[in-house]
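Any read-out appearing in this document is the output of simple, stated calculations on the displayed coordinates, not a laboratory observation. Computed from a prediction, not measured in an experiment: that's the story for all the values here. Don't worry about glycine lacking a Cβ; one is built from the backbone with ideal geometry, like all the others, and counts go over all protein chains shown.
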Amino acid sequence: MAILERNTRNIDNRYWNPGAEAFPVKNRYTAGVAGQRFFEELKENGRLFGSRCEDCNITYVPARIYCERCFNRLADKDWVDVGTEGTIFSFTFVHESKSGETKESPSLIAAIKIADSLLIHRLGETDEDSLQIGIRVKAKLKPQAKRKGGIEDIDYFKPL
């Protein structure tokens, strides 16, 4: 189930049948109000939105409905298009898969500063010799027909 899909029947949330036995599902992640809007905008229009707290002078990416510093409610008027560019804040090479197996080739992961926040994602179209903290990058989005409404709608970030 993609993050933007919804169950309309409560009964659909109670059990997942993996085969012979079913077990109860007690928690289910949702994107929330701000997250849903953030992912819909990414999916439909290829834009990254943040929310700006004028009192704290901070723009959050992905957008939030409350400021994490002063707890002010951030209304629709506080949503801003932050663009698809950012700056590499930090990066690392990942040599093992989630299960601990050695990967054939390492993945390149970066913390990308967009507005006043960090977004963790893959880097692509680059080599390790040209990498450095502070270089500008741009999101490479999947074609619109292949977007599902999640962070994976961004294929990777590439240097400008």
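Can you give the FRET efficiency for ARG47 and GLU96, using 1/(1 + (r/R0)^6), R0 = 45 Å, r = Cβ-Cβ distance, to the nearest 0.05?
Efficiency, from the Cβ-Cβ distance: 0.85.
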Sequence ranges 138-149, 69-80, 98-109, 38-49, ranked by mean other-Cβ count within 10 angstrom, highest first: 38-49, 138-149, 69-80, 98-109
The stretch 52-85 residues near the modelled ALA31 label - backbone nitrogen below 18 Å, point 7 Å along Cα→Cβ: 52, 60-66, 76, 79-84
Summed residue charge, Cβ within 12 Å of ARG52's Cβ, Lys/Arg positive, Asp/Glu negative: -4
Formal net charge of residues neighbouring LYS113 (Cβ-Cβ distance under 12 Å; K, R +1; D, E -1): -1
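Test of understanding: ordering TYR60, TYR66, TYR156 by Cβ neighbours within 10 Å, fewest first, what list do you get?
TYR66, TYR156, TYR60
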Evaluated at q = 0.15, 0.16, 0.22 Å⁻¹: base-10 log I(q)/I(0), Debye formula over Cα of the stretch 29-159: -0.77, -0.86, -1.28
